[in-house]
Each structure stands twice: as structure tokens, then as C-alpha cells.
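Have a look at this one before I ask anything.
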Amino acid sequence: MLPFPQKIAFLIFAIVTLALGLQGFYRLYLRIRRGTADPEPRFNNLLRRLVYALTTTLTQQRTFKKRPAIGLFHSFIFYGFVFYGLVNLVDAAEGYILVPSGISFSSNLFGLAVAIVLVIAAYKLFADILSFLVLLGVIALVIRRFALSSRRDFRFNPRTLLHPDVLRSKIPTDSLIVSAFILFHVGSRAIGAAAKIAIEDPDKFQPFATLLSHLVNPAHAEALRIFGYWGALGSVLAFLAYFPYTKHIHIFMAPAKYLVAREPTTGVLPLAAIDIDTEADTKTIGANKLEDLAWPRLLDAYACIQCNRCQDVCPATATGKSLSPAALEINKRMELNDLASQQTPFTFTAAPFEKNTPSPNPLLQFALSPEAAWACTTCGACMEVCPTQNEQMLDIIDIRRNQVMIEGEFPSQLQSAFRGMERAQNPWGINHEQRLAWADGLNVKTTDENPTPDVLYWVGCAASYDPQAQKTARAFVELLNHADVNFAVLGKKECCTGDSARRAGNEYLYRQLADKNVSTLNTVKPKLVVASCPHCMNSIGHEYKQIGGDYKVMHHTEYLETLVANKKLTPTRSEATITYHDPCYLGRHNGVYEAPRNLLHILGNATPELPRNRENAFCCGAGGAQFWKEEEEGNERISDNRFREAQQTLAPAAGEKVLAVGCPFCKSMLGSTPGKANSEDIAIKDVAELLLEGVRRSKGLTTPTPKSESIATTVVPDISESPAPASPVVASQAAETIPTETTLPEPPSVERKKWQPKSAIPTQHAEQSSATVAITPTPASPSPAVPERKKWQPKTTALTHEQQPAQQQASEIIAAPSPTVAEAQSAPALQPPTSASPTERKKWQPKSPSSNSPTPSVTPPESAPLPAAEPEAPTPPADAAPARKKWTPKKPT
């Protein structure tokens with residue numbers, strides 16, 4: 001027991017520090033609640049959530065994930081502090097309650113009952129052992145973080161944007177403060193326990209304290225006991241004031257995050273706050289500042305344990321780009337703490353931000369750079385690996401939404417995909433009338449011809465227009481015919497699911513496409529939807545539920561597995577060595593791992609796994625709308641990184657080598673990556689193609705030459721449709737986009753060209769190509785001035801050029817696309833305009849959802865004739881791509 005003066009002093013000290021600590025936690029709550037309301041339920045099924053939070057917290061199962069050895073040391077500290085809550089209460093009571101000499105309060109609570117004695121003995125044993133384990137865990141983690149060369153916690157790519165506090169080494173400083181506190185707190189308690197044993201007798205239930213007691217001089221034992229009391233309890237009380245601002249707060253915030261964890265899978269994005277019916281302006285769409293993020297994602301900043309697991313698995317970080325999910329969360333916490341520091345805790349007053357004052361800095365100034373925001377592939381690896389279930393990817397999506405729909409700032413290459421989805425209902429921009437051209441020569445019925453199919457095959461845009469993906473669709477349809485499956489397709493009723501638009505931040509365009517698909521599917525009422533594209537499968541099966549579309553959806557590999565299991569398909573094994581690449585939207589986002597592997601096991605002679613597989617699989621680089629734009633600056637392409645892994649896996653194999661995929665975008669990315677040129681012996685095929693080969697072998701059929709290459713050459717756009725309005729990007733960049741619907745696809749395929757480093761000076765060939773795409777009154781004239789970018793908003797009233805103000809027309813002039821070969825050949829059917837000047841085109845805006853037109857083509861005003869064909873203009877070779885300029889984001893304000 002403490003002397004009376006020390007009792008008074010400790011009581012006063014405890015009251016002051018507890019008040020400061022409680023105020024700190026209350027202000028932390030005020031900062032978190034500044035976030036917007038979350039569109040998803042976070043407190044439903046509360047009992048189940050509580051059980052999950054307690055189970056996940058106490059088992060530390062997510063901390064052990066990926067790093068079992070480090071997780072073990074972390075668990076020593078966690079379990080020690082959980083138990084130390086009881087230890088501190090008991091120790092505090094011993095300082096004020098009179099206990100007979102030689103008998104400690106904790107060893108003789110009531111002195112008689114055997115059961116109580118056993119409980120007390122167990123308590124002392126756990127307290128003693130955990131004291132040792134906590135000290136061991138802290139020392140081990142400090143050595144790892146500051147001494148081992150393999151440490152990665154504080155390392156970021158040179159391109160990564162870091163908060164000024166991070167640059168001032170606040171992370172290691174905070175870690176040292178926390179580590180020093182733990183060592184001092186637990187060490188003081190151990191010294192106090194050892195001094196007590198030195199005064200009394202050795203205790204077999206306290207082996208660690210008994211061992212330390214041999215180092216205690218009996219003459220100094222009482223002083224050391226009092227020091228241990230103040231050191232252990234005083235340090236905890238003093239630390240409470242600093243606790244809400246340190247990384248150690250995750251010991252409370254992580255369980256809180258488990259309690260409010262998202263229920264949807266990582267492949268489902270929250271709905272954005274837009275009114276697609278009224279087209280009303282929304283003050284804020286997405287996130288521009290901290291308070292624009294949903295409150296659970298402000299909680300993320302304090303739940304983060306700064307382990308950098310998310311950075312370790314991020315494909316953008318691995319390839320040297322500026323994005324770091326770990327830096328994003330750390331930067332958020334640093335900014336929140338800076339906002340809190342505007343008011344000292346000793347005044348017991350909230351800071352301006354905590355009183356609803358807007359934060360001063362946009363997210364793109366301190367959380368991550370604009371380049372980093374567009375480097376994310378939405379693979380979900382960061383969210384899957386995070387020990388505290390943080391939602392880094394959703395922060396990036398909200399930032400993109402704000403940039404696209406409010407600021408009008410996005411990479412110029414995305415304008416063509418947006419325009420294609422708006423006008424032709426597919427990001428390729430190819431005429432919607434050609435949606436069923438992929439099935440030329442096959443027995444494929446539409447729902448008009450077969451209104452009650454057992455299976456509705458969702459073809460998707462890739463399989464409709466990309467010749468490589470068409471091979472997958474044709475193979476799947478042939479397999480369905482071999483198995484006598486009653487199936488149908490939507491044909492021209494099918495349009496893009498809007499996945500790319502949504503991941504690129506264009507929520508309005510996504511809703512237009514998704515609402516149309518939901519209306520179509522609700523009319524058809526399919527029994528089962530089977531998709532060969534995981535992105536389509538994810539959108540239809542999960543995201544459409546948010547807007548009234550609830551369907552049973554399956555990936556084509558899952559359905560093919562059931563056909564093989566039911567003996568409707570009987571393939572013969574080949575001698576090929578096959579390795580499988582897990583698509584992010586099939587595996588990590590939707591948990592489909594076994595079906596494609598089960599098929600490949602019966603198709604190949606050997607099926608070695610890639611080192612990074614299943615939930616640890618590495619992205620191909622196409623997700624998050626990356627397929628439609630150039631990658632941000634880095635050390636290498638993501639697809640090269642992944643393909644190199646496949647090369648190394650298949651290197652020991654002899655004979656045929658196959659990299660199997662289950663996604664059309666993975667197939668295109670891995671097939672067109674620069675590294676593929678050095679490995680022509682590796683074939684990249686969809687699982688359906690491999691299964692069809694096996695079925696043909698079993699039936700003694702020869703493999704016919706695929707027709708998909710020739711299909712693309714027959715896709716001629718409807719020249720009666722008007723030119724696409726331009727999207728809100730710089731006019732001088734219009735020539736850098738891929739062909740739109742009115743452009744004839746380049747034969748023989750529309751595969752992505754292999755990436756090559758950009759030269760400092762564009763070649764004459766590239767300049768000629770670019771000049772052909774963008775027609776100006778005088779070919780030698782300079783590019784038009786950069787127009788002021790405007791807020792992206794849906795079109796409400798179509799105005800003719802006569803009705804538009806002259807100033808608005810001047811600010812929205814976009815270079816018209818050059819006439820294609822098809823237009824030149826059909827020129828006699830069109831009347832050339834009387835004026836030689838090019839037609840001024842309006843800024844691209846999405847069409848009103850009230851339109852009931854089956855196709856999104858826009859009727860041009862009479863005053864805006866189609867551009868005249870110029871047959872004499874030289875046409876660049878098919879393989880000549882215009883030189884793309886580096887995208888430079890607008891400096892955030």
C-alpha cells in the first residue's frame with residue numbers, strides 16, 4: 001500500500017490524466033464523425049457483428065495472415081495488453097487497500113476458498129508470463145523495424161506523395177515513443193513484482209518476477225516496489241493524453257472497424273450520391289476533402305497499424321508507380337492529427353475541424369497524387385490483405401468520382417471509352433448493330449427466338465468486339481451445343497455493364513447503362529445468367545442488386561465444371577503444361593478459385609501453380625479502367641511483371657506451354673505485354689478454349705481455324721449516326737484517343753498494341769498519323785488553345801449551334817475526327833457540306849436517361865453537317881499509333 005501523501009498525489013494525477021485522455025478520445029470521435037454518412041449499413045445484425053469483432057480481435061487471425069512470425073510477436077503484445085487491463089486495476093487497488101503484512105491483495109483476496117486461490121494463482125501466472133512475452137515482442141519488433149535490412153514498413157517509392165509529417169520522420173518517432181512506453185510500463189510492473197517477492201518469499205506462480213528478484217537488493221526493495229507502482233500505473237495514465245494521436249490507438253480502433261466492417265464483397269462499390277432521374281446538380285460527388293469520405297474510412301486512418309501489407313501486394317507499387325495504399329492511410333492520419341493539433345488538449349476545447357469547419361487541403365494535395373489516383377487497378381489486394389479491413393480502394397474510387405464528375409479531370413484516353421459507352425453502349429465505340437457479329441456461322445439464338453432458355457449467356461463487350469475474346473465466346477457456345485444446353489443470348493438488347501465507367505469514377509454513365517440492363521433482364525427473367533467476363537459477372541451478380549436487379553449469375557468456368565461433372569462434356573487430356581492466372585474479379589473479388597483449376601487438372605499433363613495465386617494472385621493491369629488508358633509512370637508494366645512470373649513457372653516444362661486465363665481482359669493484357677514477344681512458345685488461352693480442344697480430341701474432331709479474326713473486319717459502323725460529342729478534356733488531346741464508333745476497326749483485330757517507351761521527339765510517322773485524326777482548317781496551324789474545363793454534368797436540353805452563345809461555342813471547339821476509309825468509300829451517298837471549315841463539336845455530355853431510344857445515337861442538328869470526306873488525304877498504316885502525350889493533372893485547388 002502507498003504512503004498517504006502518495007495516495008493523494010496519485011489520485012490527483014489520475015484524475016487529471018484521465019480527464020485529458022477521455023477528452024482525447026472524445027475529440028477523436030468528433031474527427032471521425034466528420035465523415036459523410038455511409039450509403040451501406042454498418043450497424044445491422046449487431047449481435048453477429050459483435051461476435052465477429054470479438055472473434056477476429058481475440059484470435060488475431062487477420063494479423064497472422066501473410067506474416068505468421070511477425071504476427072506471433074504482435075500477438076504477445078496484444079494479449080499482454082488485454083490482460084494488463086485487469087492487472088492494472090488490481091495493482092491500483094493494492095496501492096489503496098490495506099492488506100496484512102506479507103500477504104498480497106492479489107494472492108489472498110478472501111483467503112479461504114480453494115477455487116479463489118486457484119483463480120488468483122492463474123492470474124499471477126498469466127500476468128508474469130505475459131509480462132515476459134510483451135517485453136520479448138516489443139524488443140523483437142523494434143529490432144525488425146529499425147535494425148534488420150529486410151524492413152519495409154517505412155519505405156515508399158520515390159514517386160509516392162508523403163505527408164510533411166511523414167517526411168519529418170514522424171512514423172519512426174511515434175513507433176519509438178510507443179515502444180519506449182510499453183517497455184517502461186511493463187518493465188516497471190516487472191520490477192515492482194520482483195521487489196515485492198524480494199521483500200516476501202519466492203512465488204512459484206511468478207517465475208519471471210522470481211528470477212528478477214535475485215537482482216534486487218533487499219535494502220532497496222521497498223523503494224523499487226513504490227517505483228514499480230508509479231512507473232507502471234503512472235505511465236499508463238500519462239500515456240492516455242497522447243494515446244489518441246499515436247499509432248497505438250489501433251488497439252481500440254481495429255476492433256471498432258471489425259464491428260462496422262463492410263458486408264459486400266470487395267468487388268462491390270458503394271452507390272454514389274447522384275440523382276439520375278431528376279439530373280439535379282449534386283454539391284459534392286465523390287471525395288475532394290477528408291470530410292467528403294464516408295466516416296468508416298476516416299476510422300480506417302486510426303485503425304491502420306502501419307504494417308505496409310497493402311503496399312507489399314499493390315501491383316502499382318510493385319511496378320514503381322506513385323500509388324501506395326499504406327501511404328494513403330498514413331497521410332490521412334497525419335492530416336487528421338494536424339487538424340486536431342490546432343487546439344491544445346489542455347484547453348479542453350475542440351479544434352475547428354472537429355466543430356464542422358471545412359478542412360483546408362484537398363485529398364490530392366496530401367493523401368495521394370493525381371497520378372496515384374489513376375494508377376489503381378481496383379484489384380482489391382490491399383483490402384483483402386489488410387489486418388484491420390481498411391478500405392483504401394474505396395477512397396480512390398471516391399476521389400476519381402470527384403475528379404471525373406465535378407472537376408472534369410481525368411486521363412485523356414478515357415474520353416474515348418466514355419464516348420463509346422455513351423453512344424454505342426460499348427467502350428470500343430463500335431456500332432451497337434454489330435453486337436451479335438461474333439456469332440457468325442454458329443447456332444446461337446436470341447431471347448426473341450428462344451424466350452425461355454435454361455441459360456442466358458451474357459456475352460459482354462469484349463467477346464462481342466475483341467477478336468481474341470471472341471474465340472472464348474465461340475468456344476463456349478460450341479461447348480454448350482456439344483452438351484445440348486438450352487441457351488440464348490440477348491443480342492442487340494445487351495449493352496455494356498458499365499464496369500469500366502464505374503471504376504473510372506463516371507457513376508452517372510454507369511447508372512445509365514446499368515439501369516438499361518436491369519430493365520432488360522427483369523423483362524427476360526433469366527433462370528441463370530452465365531458470363532465469360534468476370535467484370536460482367538461481378539456487376540450483374542452483385543452490383544446490380546443495388547439498383548433492383550437480383551439474378552443468379554455464374555462464371556462460364558463454373559458452369560462448364562458442372563457440365564463435365566455431369567458427363568455432358570468428356571474431354572481428353574493433352575500433353576501440355578498449363579499454369580493458371582487468377583483474374584482479380586473472378587478470384588479475389590468473387591472467390592472462384594476451384595472451378596477453373598478442376599477443369600485444367602483434367603485437360604493438361606501438368607498444372608503447376610504460379611507463385612502468387614488464388615487470393616494472393618497478382619493483377620494483369622487491366623482493372624479499374626486501366627485497359628482504356630496508358631499506365632502511369634513506373635519501372636515496368638504490371639502485365640510484364642505478371643507474365644514474367646508465368647515465364648519462370650513454365651520454364652522447366654517441355655513441349656506445349658499454356659498460360660490459362662478466365663477473363664478476356666487478362667488474356668488481352670498478358671498477350672500484348674512487351675515481355676510476351678520473347679516467349680512465343682507460351683500460348684495464352686481461355687479455359688473454355690482448352691476445354692473445347694479436349695472435347696474435340698475425345699470426339700476425333702479437327703480444330704477449325706477460328707473465324708474471329710475475320711469477324712472484326714466486317715464490323716462497319718453505321719455512318720448515319722452523328723459524330724460523338726467530345727468529353728471534357730483538352731481539345732488538343734482529342735487526337736490521342738482510340739477510334740470511336742464512327743471509325744472502322746483496324747483489320748485484322750483490335751488487340752492492344754505492344755507498349756514501347758515514348759521517344760523525346762515524336763517521329764514523322766506519328767505526326768502524320770496524328771494529323772490525319774484531327775482535321776484543322778490549315779494542317780500546319782498550331783493546336784487550339786486549351787479550353788477551360790467545366791464541371792461534368794448530364795445534358796438537359798439539346799441546343800443547336802444557333803442557340804448556343806458564341807462564347808460557349810468558342811470554348812468548346814473540339815477537333816473533328818478524320819473520315820475513315822468506310823466513309824470515304826460511301827461518300828457518294830452523302831452530300832458534302834458547302835462550307836470548307838470543320839464542324840464545331842459540343843462538349844461531351846451524357847444523354848438524359850429519359851430517352852427511350854433503343855440506341856444512344858444523337859441526331860445532329862441541320863446546321864452541323866457531317867465532315868466531308870477527303871479521299872486524297874494519305875492514310876497511315878494500320879500499325880501506326882499516334883504518339884500519346886503524358887497526362888499532366890491539373891494542380892488541385
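The values are calculated or read from the model by the stated rules, or taken from the named source; none is laboratory data. None of the values given here were measured: they were computed from a predicted structure. Virtual Cβ from ideal backbone geometry, glycine too; neighbours counted across all protein chains shown. These area figures cover heavy atoms from the full protein model, side chains too; ligands, DNA and RNA do not enter into them. Shrake-Rupley method; radii C 1.70, N 1.55, O 1.52, S 1.80 Å.
Inside the stretch 517-528, can you point out the residues that are surrounded by fewer than 20 Cβ atoms within 10 Å (Cβ to Cβ) and in contact (Cβ under 8 Å) with a residue 60 or more places away in the chain?
Passing the criteria: V524, K527, L528.
Would you mind stating whether D499 is open to solvent by 10 Å² or more (accessible area, probe 1.4 Å), modelled with pLDDT of 95 or more and more than 21 Å from C584 (Cα to Cα)?
Answer is no for this residue.
May I ask you to list pairs of residues, at least six apart or on different chains, whose Cβ atoms are under 7 Å apart, with the first in the stretch 3-15 being within 17 Å of V236 (Cβ to Cβ) and the second being surrounded by 15 or more Cβ atoms within 10 Å (Cβ to Cβ)?
F10/L2; F10/G95; F13/G234; F13/L237; A14/L237
Being within 23 Å of K699 (Cβ to Cβ) and either hydroxyl-bearing (S, T, Y) or open to solvent by 20 Å² or more (accessible area, probe 1.4 Å) (or both) narrows it down to one residue among E561, E632, E615; which is it?
Answer to the check: E561.
Modelled with pLDDT under 90, within 32 Å of the chain's Cα centre (by Cα) and open to solvent by 30 Å² or more (accessible area, probe 1.4 Å): does that describe F154?
yes
Taking only the stretch 199-210 into account, find how many residues are open to solvent by 20 Å² or more (accessible area, probe 1.4 Å), assigned to a helix (DSSP H, G or I) and touching a residue at least 24 places away in the same chain (Cβ under 8 Å).
3
List the residue pairs whose Cβ atoms are under 9 Å apart, where the first residue sits in the stretch 535-550 and is aromatic (F, W, Y), the second is assigned to a helix (DSSP H, G or I), and the two are 6 or more positions apart or on different chains.
Y544/A514; Y544/N517; Y544/V518; Y544/L521
Just a yes or no: is a residue in the stretch 486-496 within 31 Å of the chain's Cα centre (by Cα), free of Cβ contacts under 8 Å to residues at least 60 places away in the same chain and surrounded by fewer than 24 Cβ atoms within 10 Å (Cβ to Cβ)?
yes
While we're on this one: Among the residues of the stretch 643-656, is there at least one that is buried (at least 23 other Cβ atoms within 10 Å of the Cβ), of a type in the set (S, T, Y) and modelled with pLDDT of 95 or more?
For the stretch 643-656, residues buried (at least 23 other Cβ atoms within 10 Å of the Cβ), of a type in the set (S, T, Y) and modelled with pLDDT of 95 or more: absent.
Taking the stretch 499-514, which residues are part of a helix (DSSP H, G or I), over 17 Å from V459 (Cα atoms) and within 17 Å of the chain's Cα centre (by Cα)?
Those that are part of a helix (DSSP H, G or I), over 17 Å from V459 (Cα atoms) and within 17 Å of the chain's Cα centre (by Cα): A501, R502, R503, E507.
Right, here's the next one. So which pairs qualify, if the first residue must be in the stretch 182-193 and in contact (Cβ under 8 Å) with a residue 40 or more places away in the chain and closer than 17 Å to E222 by Cβ, the second must be open to solvent by 30 Å² or more (accessible area, probe 1.4 Å) and basic (K, R), the Cβ gap must be under 8 Å, and the two must be at least 6 apart or on different chains?
Listed pairs, sorted by first residue: G192/R225.
Each row is one residue, and each column tells you yes or no for (1) open to solvent by 10 Å² or more (accessible area, probe 1.4 Å); (2) not in a helix (DSSP H, G or I).
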position	(1), (2)
Q311	yes, no
A316	no, no
G320	no, yes
A326	no, no
K332	no, no
A350	yes, yes
N361	yes, yes
L364	yes, no
L394	no, no
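Right, next: Quick one: in the stretch 448-471, of everything that is touching a strand residue (DSSP E or B) at 6+ places or on another chain (Cβ under 9 Å) and open to solvent by less than 10 Å² (accessible area, probe 1.4 Å), which residue is farthest from N426 (Cα to Cα)?
Among those that are touching a strand residue (DSSP E or B) at 6+ places or on another chain (Cβ under 9 Å) and open to solvent by less than 10 Å² (accessible area, probe 1.4 Å), it is V455.
To keep it simple, each residue is scored yes or no on (1) touching a Lys or Arg at 6+ places or on another chain (Cβ under 6 Å); (2) modelled with pLDDT under 95; (3) within 21 Å of R503 (Cα to Cα).
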{"position": "Q306", "(1), (2), (3)": "yes, yes, no"}
{"position": "N331", "(1), (2), (3)": "no, no, no"}
{"position": "T378", "(1), (2), (3)": "yes, no, yes"}
{"position": "C382", "(1), (2), (3)": "no, no, yes"}
{"position": "N390", "(1), (2), (3)": "no, no, yes"}
{"position": "M393", "(1), (2), (3)": "no, no, yes"}
{"position": "P411", "(1), (2), (3)": "yes, yes, yes"}
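Right, here's the next one. Residues of the stretch 90-132 being open to solvent by 60 Å² or more (accessible area, probe 1.4 Å), of a type outside the set (G, A, S), assigned to a helix (DSSP H, G or I) and at pLDDT below 85, which ones?
Of everything in the stretch 90-132, those that are open to solvent by 60 Å² or more (accessible area, probe 1.4 Å), of a type outside the set (G, A, S), assigned to a helix (DSSP H, G or I) and at pLDDT below 85 turn out to be V114, V117, L118, V119.
Still on this structure, please answer the following. Would you pick out the residues in the stretch 467-498 that are over 30 Å from R697 (Cβ atoms), touching a Leu at 6+ places or on another chain (Cβ under 9 Å) and outside any loop (DSSP other than H, G, I, E, B)?
Of everything in the stretch 467-498, those that are over 30 Å from R697 (Cβ atoms), touching a Leu at 6+ places or on another chain (Cβ under 9 Å) and outside any loop (DSSP other than H, G, I, E, B) turn out to be G491, K492.
Please find, among A241, A194, the residue that is assigned to a helix (DSSP H, G or I), crowded, with 17+ Cβ neighbours inside 10 Å and within 49 Å of the chain's Cα centre (by Cα).
Testing whether each residue is assigned to a helix (DSSP H, G or I), crowded, with 17+ Cβ neighbours inside 10 Å and within 49 Å of the chain's Cα centre (by Cα) leaves just A241.
Kindly indicate whether any position in the stretch 676-694 is in a helix (DSSP H, G or I), surrounded by fewer than 19 Cβ atoms within 10 Å (Cβ to Cβ) and free of Cβ contacts under 8 Å to residues at least 60 places away in the same chain.
Within the stretch 676-694, one or more residues are in a helix (DSSP H, G or I), surrounded by fewer than 19 Cβ atoms within 10 Å (Cβ to Cβ) and free of Cβ contacts under 8 Å to residues at least 60 places away in the same chain.
So the check is Cβ under 6 Å with 6+ separation or different chains; which pairs have a first residue in the stretch 640-651 that's under 15 Å from P583 (Cα atoms) and a second one that's open to solvent by 10 Å² or more (accessible area, probe 1.4 Å) and small (G, A, S)?
Listed pairs, sorted by first residue: F643/G675.
Right, here's the next one. Taking into account only those residues within the stretch 213-238 that are hydroxyl-bearing (S, T, Y) and free of Cβ contacts under 8 Å to residues at least 60 places away in the same chain, which is surrounded by the fewest Cβ atoms within 10 Å (Cβ to Cβ)?
S235
Return the residues of the stretch 334-348 that are assigned to a helix (DSSP H, G or I), open to solvent by 20 Å² or more (accessible area, probe 1.4 Å) and either of a type outside the set (V, I, T) or within 13 Å of D395 (Cβ to Cβ) (or both); say none if nothing qualifies.
D338, P345, F346
Further question: When only residues in the stretch 244-257 that are of a type in the set (A, V, I, L, M) and open to solvent by less than 20 Å² (accessible area, probe 1.4 Å) count, which is farthest from Y84 (Cα to Cα)?
In this case the residue turns out to be A254.
Something else about it: Go through the stretch 618-629 and give me each residue that's part of a loop (DSSP other than H, G, I, E, B) and either open to solvent by 30 Å² or more (accessible area, probe 1.4 Å) or not aliphatic (A, V, I, L, M) (or both).
Passing the criteria: F618, C619, C620, G621, G623, G624, K629.
Mind checking which residues of the stretch 594-612 are surrounded by fewer than 17 Cβ atoms within 10 Å (Cβ to Cβ), part of a loop (DSSP other than H, G, I, E, B) and touching a helix residue (DSSP H, G or I) at 6+ places or on another chain (Cβ under 9 Å)?
Residues satisfying the conditions are I602, P608, E609, P611.
Could you tell me whether any residue of the stretch 447-457 is touching a helix residue (DSSP H, G or I) at 6+ places or on another chain (Cβ under 8 Å), modelled with pLDDT of 95 or more and closer than 26 Å to I684 by Cα?
Yes: one or more hits.
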